[in-house]
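Contents: one structure, followed by commentary.
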Amino acid sequence: MIRDYNMKEYKKNAFRQSKYRGEIASRVRVPGGVIDAKSLMRVVEIAEKYGDGTINLTNRQGFEIPHIRIEDRDKVNEELQLIIENTNVNHGQPGEGYPASGTRNVVACPGKELCPFGCYDTKALAAKLDKMIFPNNHHVKIACTGCSNDCAHVRLNDFGIIGQTEPQYDPDRCIGCEQCVKYCSKRSVGALSVVNGKIVRDTNKCIGCGVCVNYCPTRAWTRSKEHYFRLELLGRTGKKNPRLGEDFLKWADEESVCKIIKNTYDYLDDYLDMAAVEAKEHIGYIVDRTGVEEFLKYAMKDVELGPKCEMAGRMYWGGKRYDQTNELRKSMFRFSDREE
Amino acid sequence: MGYTLTRSEFDQVLSELGKNYRLYAPVLKIGQGRFTDTDVVIYDFISESSEIELEKKSDFSFKEILTPLSQTLFFFTENVIKEADIDCSDAIIFLRSCDMHAVKRLDQIYLNNGKHVDPFYKKVRDHVKFVLIGCPGSFQECFCVSMGTNKTDDGYLFALNYSGDQFDVDVKDAALNELFEKAGAAAKEVAVDYVTENETKVTIPETVPNSIYQSDLWKEYDKRCVACGRCNLVCPTCTCFTMQDAFYTDNGKVGERRRVGGSCMIDGYSTVAGGGQYRRKHGERMRFKVLHKIYDFRKRYGYDMCVGCGRCDDVCPEYISFSNIINKVNAEVKEGE
Ligand code: SF4
Ligand code: SF4
Ligand code: SF4
Ligand code: SF4
Ligand code: SF4
């Protein structure tokens, strides 16, 4: 049997090349990490029929079914159709599997549907974003987290979306029990203080986590009608310069956040280095090259931020620079004067 | 007299009443619950029937109208004191049977507890009348039948049964008959709905021996209860308050005295000068609350304080059931006999 497979095309079709010759792994996309039981059963069936009966849970809330023979790709794709439809993922010809793999699965924490601290429906936003940007070959990572706890680790993504609520205070319902003060300080940033028996919120310090609302026993604190978002930009892991995403917007509206993400694809079309290995670059490295201003020219096109929204004046990213130094022993600060 | 009315006829009655009374009823506050996009039912002004939340139990009780969560009592300067203007225009409160019984408890504490009448309470209370909302069924956690508060026969202007767009009323105050008739209400025999059985039942021990104070039963709550006080703040019969003297920051000689809601479960309640605390452990606070509700109050006034509305069970974030504690106390008392 002649084995001549266009691996580039397989990868685009969401199959991982395996270290075992003749094998691939099927990558199942699950926007927001929500899958119905029937689809989950189908994942099991594929693993049993075409794999070795094991399934990997990926970091980005998808599945990877390993040890599939390359020849079985088409049959697996047919079986994937049910999952693709049930998870409502955009696709081309039915039965041909996923049309792209570059733009990664959109991750979401449990959010307001389950978590008492969730400030918005993370799963719904993940589904909406996925519809908006998939399929696409650009390597883009997006994650949605319900509140500043950041259980979804969104700061390691190109776009990290953090829910916020603007606490509303009704002094007439406040009994001065100071539980909001205590919990804001213990579980959050300590933005509240007591003045003459009533509560004052330091609006600069407040991160909109909603902890005060959660602990107020009288509904003196309630949540704002509007759901707000903090947008983190261009965090990443990796070999060269892993770094946390930095604050770009706070108190932003959902529409603006979605638009910025969509606009970024135009920027990538124009600036992606096609000579990069597999034409795959983290957006952050491209922005390092073109400068933030140029990136924002694209990203902010037709974006009208709400009156409450604050935008970063400048953006700097830190993180490790393995490409500059990887020396631990000779680092500046020492724990002791131990002999080397 | 009994009447049956359509929604628009009933609204006409409300609009007539609204000319002379502030109307208070349970209102669904959209998005104002603890969690994102959840609601809460709190008492507020209403002007028409659609604003009244009739399908749900109110999370917070009517008591906030009679005893506001935060109320300025007076203002002071160096040697002058001026009482705060309290809105004591006539008001009507829509409430259910258990809460009607709670009014009696509030009156007991603020009006008939020793020599002194609370003037701030009295001012408001003297101008308040009630409308009884019928209960077609028991809500979760209600135990009004066990507490004998499921039924109320007097003390209200009229009682109200509701079903979709139909409102049936049993008018007690004959002066109101004309108002209903003018709105086009048809005469009908009406008996207000009340529940005769709750899923939750409690048995209150007749006497509680002193040994119960030392019982291990309370220990569990040292850890389980987080002392948030929600159970007190939603309770229609909790009457504790605390005082705040606020000196205005730009002139420390001028200020106001406020009365704010208190809670025997929250830190600081039993703190005395010098920082001493009588009930440091949460289990001890629980013991105090429970015995007050089902025993100590009765020793003084002859009836129990708790009316079995179940709001404390509804609200507890730690799923501590007050009704279950009552039954545990009862079992322990029985065992000791
Ligand atoms: S990030 Fe916030 S909303 Fe999401 S799971 Fe964590 S605590 Fe809950
Ligand atoms: S929203 Fe969070 S940070 Fe802001 S005041 Fe409330 S608890 Fe503190
Ligand atoms: S928790 Fe609520 S009632 Fe207590 S001090 Fe804060 S705002 Fe006031
Ligand atoms: S103790 Fe609980 S059940 Fe009894 S009146 Fe108070 S809130 Fe209602
Ligand atoms: S019993 Fe529940 S509601 Fe009451 S103080 Fe304890 S934890 Fe809070």
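The values are calculated or read from the model by the stated rules, or taken from the named source; none is laboratory data. Quick caveat: nothing in here was measured; it's all calculated off a predicted structure. Quick reminder, even Gly has a Cβ in these numbers, built from the backbone with ideal geometry, and neighbours come from all protein chains shown.
Restricting to region B:275-321, what's the tally of residues that are within 16 Å of ligand 1 (Cβ to nearest atom) and closer than 26 Å to B:T152 by Cβ? Talk me through it step by step, then tell me what you get.
Our first condition is that a residue be within 16 Å of ligand 1 (Cβ to nearest atom); within region B:275-321, this holds for B:317.
Filter once more, so that each one left must be closer than 26 Å to B:T152 by Cβ: none.
Count: 0.
Tally the residues that are polar (S, T, N, Q), closer than 16 Å to A:M311 by Cβ and touching a Cys at 6+ places or on another chain (Cβ under 9 Å), restricting the search to region A:197-256.
Going residue by residue through region A:197-256, those that are polar (S, T, N, Q) are A:203-204, A:214, A:218, A:222, A:224, A:237, A:241, A:256.
From what is left, the residues that are closer than 16 Å to A:M311 by Cβ are A:204, A:256.
Restricting the remaining residues to those that are touching a Cys at 6+ places or on another chain (Cβ under 9 Å) gives A:256.
Number of matching residues: 1.
Which residues, counting only those in region B:25-34, are at the interface with another protein chain (Cβ under 7 Å from one of its Cβ atoms) and surrounded by fewer than 17 Cβ atoms within 10 Å (Cβ to Cβ)? Please lay out each step first, then the result.
Filtering region B:25-34 for residues at the interface with another protein chain (Cβ under 7 Å from one of its Cβ atoms) gives B:31-32, B:34.
Passing the criteria: only B:G31.
Could you go through region B:38-54 and let me know if any residue there is within 11 Å of another protein chain (Cβ to nearest Cβ), surrounded by fewer than 17 Cβ atoms within 10 Å (Cβ to Cβ), over 30 Å from B:N251 (Cβ atoms) and out of contact with any Asp or Glu (no Cβ under 6 Å at 6 or more places or on another chain). Before you say what the answer is, go through the steps one by one.
Step one: of region B:38-54, the residues within 11 Å of another protein chain (Cβ to nearest Cβ) are B:38-42.
Imposing the further condition that a residue be surrounded by fewer than 17 Cβ atoms within 10 Å (Cβ to Cβ) reduces the set to B:38-39.
Going one step further and asking which of them are over 30 Å from B:N251 (Cβ atoms), we end up with B:38-39.
Of the ones still in play, those that are also out of contact with any Asp or Glu (no Cβ under 6 Å at 6 or more places or on another chain) are B:38-39.
Checked against the condition, which is being within 11 Å of another protein chain (Cβ to nearest Cβ), surrounded by fewer than 17 Cβ atoms within 10 Å (Cβ to Cβ), over 30 Å from B:N251 (Cβ atoms) and out of contact with any Asp or Glu (no Cβ under 6 Å at 6 or more places or on another chain), region B:38-54 yields at least one hit.
Please identify the pairs in which a residue from region B:313-337 that is at pLDDT 95 or above has its Cβ atom under 6 Å from the Cβ atom of a residue that is in a helix (DSSP H, G or I) and β-branched (V, I, T), counting only partners at least 6 apart or on another chain.
B:V315/B:V234; B:I325/B:V290; B:I326/B:I294
Checking B:V226 against (1) assigned to a loop (DSSP other than H, G, I, E, B); (2) touching a residue at least 40 places away in the same chain (Cβ under 8 Å); (3) buried (at least 22 other Cβ atoms within 10 Å of the Cβ), which single condition isn't satisfied?
The failed condition is (3).
Quick check on region A:238-246. Is at least one of its residues within 24 Å of B:T72 (Cα to Cα), modelled with pLDDT of 95 or more and either within 27 Å of the chain's Cα centre (by Cα) or not assigned by TED's automatic domain parsing to the domain that holds A:G284 (or both)?
Of the residues in region A:238-246, the ones within 24 Å of B:T72 (Cα to Cα) are none.
Within region A:238-246 (the criterion being within 24 Å of B:T72 (Cα to Cα), modelled with pLDDT of 95 or more and either within 27 Å of the chain's Cα centre (by Cα) or not assigned by TED's automatic domain parsing to the domain that holds A:G284 (or both)), the answer is no, since none of the residues qualifies.
From B:I326, B:I320, B:I294, which residue is over 18 Å from the mean Cα position of the chain (by Cα), buried (at least 20 other Cβ atoms within 10 Å of the Cβ) and away from ligand 2 (no atom under 16 Å from the Cβ)?
Numbers: B:I320 fails: buried (at least 20 other Cβ atoms within 10 Å of the Cβ); B:I294 fails: over 18 Å from the mean Cα position of the chain (by Cα).
Answer to the selection: B:I326.
Checking the condition more than 16 Å from ligand 3 (Cβ to nearest atom), more than 14 Å from chain B (Cβ to nearest Cβ) and touching a helix residue (DSSP H, G or I) at 6+ places or on another chain (Cβ under 8 Å), which residue from A:D130, A:D150, A:D121 passes?
It is A:D130.
Sort out which residues of region A:213-263 are of a type outside the set (G, A, S), assigned to a helix (DSSP H, G or I) and away from chain B (no Cβ under 11 Å), and write them in order of number. Explain how you work it out, then say what you get.
Start the filter on region A:213-263 by keeping residues that are of a type outside the set (G, A, S), which leaves A:213-219, A:221-223, A:225-234, A:236-237, A:239-244, A:246-251, A:253-255, A:257-263.
Of the ones still in play, those that are also assigned to a helix (DSSP H, G or I) are A:213-215, A:254-255, A:257-263.
Passing the criteria: A:E254, A:E255, A:V257, A:C258, A:K259, A:I260, A:I261, A:K262, A:N263.
Please list, ordered by first then second residue, the pairs with beta carbon atoms under 7 Å, 6 or more apart or interchain, first in region A:185-203 and under 14 Å from B:A246 (Cβ atoms) and of a type in the set (A, V, I, L, M), second more than 8 Å from ligand 2 (Cβ to nearest atom) and in a strand (DSSP E or B).
A:I199/A:Y169; A:V200/A:S193
Being exposed (fewer than 14 other Cβ atoms within 10 Å of the Cβ) and acidic (D, E) narrows it down to one of B:D99, B:D118, B:D107, B:D87, so name that one.
Details: B:D99 fails: exposed (fewer than 14 other Cβ atoms within 10 Å of the Cβ); B:D118 fails: exposed (fewer than 14 other Cβ atoms within 10 Å of the Cβ); B:D107 fails: exposed (fewer than 14 other Cβ atoms within 10 Å of the Cβ).
Result: B:D87 is the single residue among B:D99, B:D118, B:D107, B:D87 that is exposed (fewer than 14 other Cβ atoms within 10 Å of the Cβ) and acidic (D, E).
Which members of region B:144-163 meet the condition of being in contact with a strand residue (DSSP E or B) (Cβ under 8 Å, 6 or more places away or on another chain) and assigned to a strand (DSSP E or B)? Reasoning before the result, please.
Of region B:144-163, the ones in contact with a strand residue (DSSP E or B) (Cβ under 8 Å, 6 or more places away or on another chain) are B:152, B:155-162.
Correct list: B:F158, B:A159, B:L160, B:N161, B:Y162.
Residue-wise test of (1) in the same structural domain as A:F117 (by TED's automatic domain parsing); (2) hydroxyl-bearing (S, T, Y).
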{"residue": "A:S148", "(1), (2)": "yes, yes"}
{"residue": "A:V154", "(1), (2)": "yes, no"}
{"residue": "A:R173", "(1), (2)": "no, no"}
{"residue": "A:C184", "(1), (2)": "no, no"}
{"residue": "A:A191", "(1), (2)": "no, no"}
{"residue": "A:R201", "(1), (2)": "no, no"}
{"residue": "A:C212", "(1), (2)": "no, no"}
{"residue": "A:Y215", "(1), (2)": "no, yes"}
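Just checking, how many residues over region B:247-273 are within 8 Å of chain A (Cβ to nearest Cβ) and β-branched (V, I, T)?
Number of matching residues: 3.
Can you name every residue in region A:200-213 that is surrounded by fewer than 22 Cβ atoms within 10 Å (Cβ to Cβ) and either within 12 Å of ligand 3 (Cβ to nearest atom) or of a type in the set (F, W, Y) (or both)? Lay out the reasoning, then the answer.
Filtering region A:200-213 for residues surrounded by fewer than 22 Cβ atoms within 10 Å (Cβ to Cβ) gives A:200-207.
Listed by number, the residues that qualify are A:V200, A:R201.
Would you confirm whether or not region B:58-67 contains a residue that is within 13 Å of chain A (Cβ to nearest Cβ), of a type in the set (V, I, T), within 23 Å of A:Q168 (Cβ to Cβ) and crowded, with 19+ Cβ neighbours inside 10 Å?
Taking region B:58-67 first, the residues within 13 Å of chain A (Cβ to nearest Cβ) are B:58-61, B:63-65, B:67.
Filter once more, keeping what is of a type in the set (V, I, T): B:65, B:67.
Subset that is within 23 Å of A:Q168 (Cβ to Cβ): B:65.
Now narrow it down to the ones that are crowded, with 19+ Cβ neighbours inside 10 Å: none.
No, because not a single residue in region B:58-67 is within 13 Å of chain A (Cβ to nearest Cβ), of a type in the set (V, I, T), within 23 Å of A:Q168 (Cβ to Cβ) and crowded, with 19+ Cβ neighbours inside 10 Å.
Within region A:68-101, track down each residue that is in contact with a strand residue (DSSP E or B) (Cβ under 8 Å, 6 or more places away or on another chain) and farther than 16 Å from A:Q17 by Cβ.
The answer is A:L80, A:I83.
Can you report the number of residues in region A:173-231 which are under 29 Å from A:F159 (Cβ atoms), more than 10 Å from ligand 2 (Cβ to nearest atom) and touching a Lys or Arg at 6+ places or on another chain (Cβ under 6 Å)?
Residues in region A:173-231 being under 29 Å from A:F159 (Cβ atoms), more than 10 Å from ligand 2 (Cβ to nearest atom) and touching a Lys or Arg at 6+ places or on another chain (Cβ under 6 Å): 1 in total.
Would you confirm, using the coordinates I've provided, whether A:D269 is surrounded by fewer than 12 Cβ atoms within 10 Å (Cβ to Cβ) and assigned to a helix (DSSP H, G or I)? Reasoning before the result, please.
Details: surrounded by fewer than 12 Cβ atoms within 10 Å (Cβ to Cβ): yes; assigned to a helix (DSSP H, G or I): yes.
Judged against the criteria, A:D269 is a match.
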